[in-house]
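Step one of this worksheet: look at the structure below.
The values are calculated or read from the model by the stated rules, or taken from the named source; none is laboratory data. Treat the numbers as computed from the prediction; the structure is a model and nothing was measured. Neighbour counts run over all protein chains shown; Cβ positions are idealised from the backbone, glycine included. Just so you know, the surface numbers come from the protein's heavy atoms only, side chains and all, with ligands and any DNA or RNA stripped out. Shrake-Rupley method; radii C 1.70, N 1.55, O 1.52, S 1.80 Å.
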Amino acid sequence: MDQIRPSELSDWLARQPVDSLPAVLDVREPWEVQTAAVRADGFELLHVPMSQIPQAALQWDDERPVACLCHHGMRSMQVARFLEQQGFANVANISGGIDLWSLERDPQVPRY
């Protein structure tokens, strides 16, 4: 699993195969997404709370690149490890989460 900072996401996305649109998987709870959300830019943004990942992952292409995001990077790291254990080939954890995203990528994203 790759560990990437929000500022490194564009480089990570550029290294992905061109035949599949990478996904940023936001595993935060709905109230968190309402509080602060990112905008998709070069990726598909998926919102699936961590508790729903095991069921949702059954429907996903395990060859699709997935970068996991949460508030500070701990839940997303657990989800990224889970996806790897399920056979997903290209997984990253966005360390620092949306909190660091606000500082490094988009100051319009509120910090909470």
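Exactly one condition in (1) open to solvent by less than 30 Å² (accessible area, probe 1.4 Å); (2) within 12 Å of the chain's Cα centre (by Cα) is not met by VAL109; state its number.
(2)
Which fully enclosed strands (runs of 3 or more DSSP E) of the stretch 16-88 have 1 or more residues being more than 18 Å from VAL109 (Cα to Cα), open to solvent by less than 70 Å² (accessible area, probe 1.4 Å) and touching a helix residue (DSSP H, G or I) at 6+ places or on another chain (Cβ under 9 Å)?
Working: elements: 23-26, 44-47, 66-69.
Fully inside the stretch 16-88 and qualifying: 66-69.
For ILE98, are the conditions met, namely being free of Cβ contacts under 8 Å to residues at least 40 places away in the same chain, part of a helix (DSSP H, G or I), surrounded by 18 or more Cβ atoms within 10 Å (Cβ to Cβ) and not acidic (Asp, Glu)?
no
Looking at the stretch 6-28, can you tell me whether even one residue there is modelled with pLDDT under 95 and among the β-branched types (Val, Ile, Thr)?
Checked the stretch 6-28: at least one residue is modelled with pLDDT under 95 and among the β-branched types (Val, Ile, Thr).
Answer with yes or no whether GLY87 is farther than 14 Å from ALA23 by Cα and touching a Leu at 6+ places or on another chain (Cβ under 8 Å).
No: the conditions fail for GLY87.
For ASP11, all conditions in the list (1) within 19 Å of LEU100 (Cβ to Cβ); (2) surrounded by 13 or more Cβ atoms within 10 Å (Cβ to Cβ) hold save one; what is the number of the exception?
Unmet condition: (2).
Testing GLU104 on (1) without any contact (Cβ under 8 Å) to a residue 40 or more places away in the chain; (2) over 11 Å from the mean Cα position of the chain (by Cα); (3) surrounded by 13 or more Cβ atoms within 10 Å (Cβ to Cβ), one condition comes back false. Which one is that?
In the conditions (1) without any contact (Cβ under 8 Å) to a residue 40 or more places away in the chain; (2) over 11 Å from the mean Cα position of the chain (by Cα); (3) surrounded by 13 or more Cβ atoms within 10 Å (Cβ to Cβ), GLU104 misses (1) alone.
Look at the stretch 1-15 and say how many of its residues are in a helix (DSSP H, G or I), free of Cβ contacts under 8 Å to residues at least 60 places away in the same chain and not small (Gly, Ala, Ser).
Residues that pass the stated criteria total 3.
Could we say that ASP2 is within 20 Å of GLN108 (Cα to Cα), surrounded by 13 or more Cβ atoms within 10 Å (Cβ to Cβ) and acidic (Asp, Glu) here? Talk me through it step by step, then tell me what you get.
Values: within 20 Å of GLN108 (Cα to Cα): no; surrounded by 13 or more Cβ atoms within 10 Å (Cβ to Cβ): yes; acidic (Asp, Glu): yes.
Judged against the criteria, ASP2 is not a match.
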